[in-house]
Amino acid sequence: MRLTDIEKYISKPTSDQNLKQGTREVHLTTKDLVNQMKNNSQFAMEKLKELPEKVREELKPFFTTTFFKERSV
Amino acid sequence: MEKKIVLLKDLDQAQFPVVDILKSDSEERLGCATTAMVNWIMKLGLFNKDEFSNISELALYYENLFETKDSGVEPQVCFSVVDNYINQNKKDLETLIFRADSVKYETILKLLLNDFVGFVCSQTKDTGHCDIIFYENGKVYFNAFEVETEEDLVELVFSYPMNMICFGRSLKTHKRFAMKASEMGSMVFSLSEKDKSYLTEKEQFMLTQNMVEVFCKYPTHDVQGLIQEKEFLLKNLNYLDKDIAIIYPQPRS
C-alpha cells in the first residue's frame, strides 16, 4: 500500500460535512472507557484483592497520590 | 496528556498516542484496533521506514488486517495480528504475553513501571475493544487518558478473563546483557513450576545455566547499585528465584 492508495481515503469534505474533531475529544474520558468495558463481574476485584498490601505500599511512591485510593474490597 | 484526534494524512506530525484517527475531514474513523496498533508501535519507537514510507501507510495496512466481516473486535482475532507483528520484529522487541486470567495485577504494575507498553485486546459487553496502556511521569494511561485509580485500571485490564494483553519494550532502547548469578549478591527468591512456565525459552535456559539476565536501559550503570535500589521489585516479582533474576532497572536521574 502506497501513498497514492491513501489519497483515496482522504476526500475533501462536502459542504454538509462538518469537522467534528472537538466533539469526541470533549466527551471521551477514562471513565467512559471504563464504563464501556466494565463487566460487573467479580473477576477484576478478585485481581485487586490479590495485590499484597506490602507491595501496594512499596509501589505508592511511583504513582500519583490518587492512584492507590483508599478502598474496601 | 494531550488527547489528539488526528487526520490520517497528518499522522506523521502527530504526537502519540492519538485518541482517534479520522480518515478525512468527515467523522469516518479508523478502528480501535488499528489506532491501538499504531499507538503501540509508535510508543515503542519501532516504526520501520523501510517497510512503510509513512505512518498513514502503516495505519491503512493494519486497518485492512483487522477488518472483519462482522462489526466489532474479538480479542483473539486482534491478537493474532499482534502476534504476527511480534514474530516479524523479534530482534527489536521483547514481549510478555498474558491472558487476563493468567496474570497477576502486581505483574501488570511492575511491567508498567519498567517502560513496557501494553496492548490490551478486551471483551466488552457488546463486542470488544483494543487500546494501549502505559506508564509515564508517575501516571498510568489507557489510550491517552490518565487512569486515576487502581479500580479503574483493573476494570480496564481485567474486564473479562479472556482479555489478551501483550506487553512490549523496544530492544533498541533497552539493551540486554547477562551476568552470573553469583555476581548478584545474596538475594534469594522462590519460583514455582507454574511461574517458570511463564519464562521464555531463553530465560528457562538461563535458569539451567545459573545465569542472571539483566535488562538495563543504560548498561554502563553500576548494576549492583541499581539492584539494591530496585530490591523491592526483585522480592515481589514472582518470576524470580535464587538462580535467576529478571531485572528492569530504571535509569538514574
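Residues in region B:3-56 that are part of a helix (DSSP H, G or I), within 21 Å of residue B:93 (Cβ to Cβ) and either without any contact (Cβ under 8 Å) to a residue 12 or more places away in the chain or away from chain A (no Cβ under 13 Å) (or both): B:33, B:37, B:38, B:39, B:40, B:41, B:42, B:43, B:44. Residues that are of a type outside the set (D, E, K, R), within 12 Å of residue B:124 (Cα to Cα) and facing chain B (nearest Cβ under 7 Å) within region A:28-43 comprise A:33, A:34, A:36, A:37, A:39, listed in sequence order. Out of all the residues in region B:156-170, is one or more farther than 30 Å from residue A:43 by Cα, at pLDDT 80 or above and surrounded by fewer than 24 Cβ atoms within 10 Å (Cβ to Cβ)? Yes - at least one qualifying residue is present in region B:156-170.
Read through the list (1) among the hydroxyl-bearing types (Ser, Thr, Tyr); (2) closer than 16 Å to residue B:16 by Cβ; (3) touching a residue at least 40 places away in the same chain (Cβ under 8 Å), then give the number of the only condition that residue B:135 fails. With (1) among the hydroxyl-bearing types (Ser, Thr, Tyr); (2) closer than 16 Å to residue B:16 by Cβ; (3) touching a residue at least 40 places away in the same chain (Cβ under 8 Å) applied to residue B:135, the lone miss is (3).
Evaluation of residue B:5 against the conditions (1) out of contact with any strand residue (DSSP E or B) (no Cβ under 6 Å at 6 or more places or on another chain); (2) surrounded by 15 or more Cβ atoms within 10 Å (Cβ to Cβ) shows that the sole unmet condition is (1). Filtered by the rule that a residue be hydrophobic (A, V, I, L, M, F, W, C), modelled with pLDDT of 85 or more and under 23 Å from residue B:146 (Cβ atoms), region A:38-58 gives A:44, A:45, A:48, A:51.
Taking the criterion of being more than 16 Å from the chain's Cα centre (by Cα), touching a residue at least 12 places away in the same chain (Cβ under 8 Å) and surrounded by fewer than 22 Cβ atoms within 10 Å (Cβ to Cβ), the only residue of region B:138-149 that qualifies is B:146. Between B:134, B:142, the distinction of being away from chain A (no Cβ under 12 Å) and closer than 22 Å to residue B:20 by Cα belongs to B:134 only. Within the set of pairs 6 or more residues apart or between chains, which connect a residue that is at the interface with chain B (Cβ under 7 Å from one of its Cβ atoms) inside region A:44-73 to a residue that is surrounded by fewer than 15 Cβ atoms within 10 Å (Cβ to Cβ) and at pLDDT 80 or above with Cβ atoms less than 6 Å apart? So the pair list comes out as A:64/B:138; A:68/A:60.
The values are calculated or read from the model by the stated rules, or taken from the named source; none is laboratory data. Computed from a prediction, not measured in an experiment: that's the story for all the values here. Quick reminder, even Gly has a Cβ in these numbers, built from the backbone with ideal geometry, and neighbours come from all protein chains shown.
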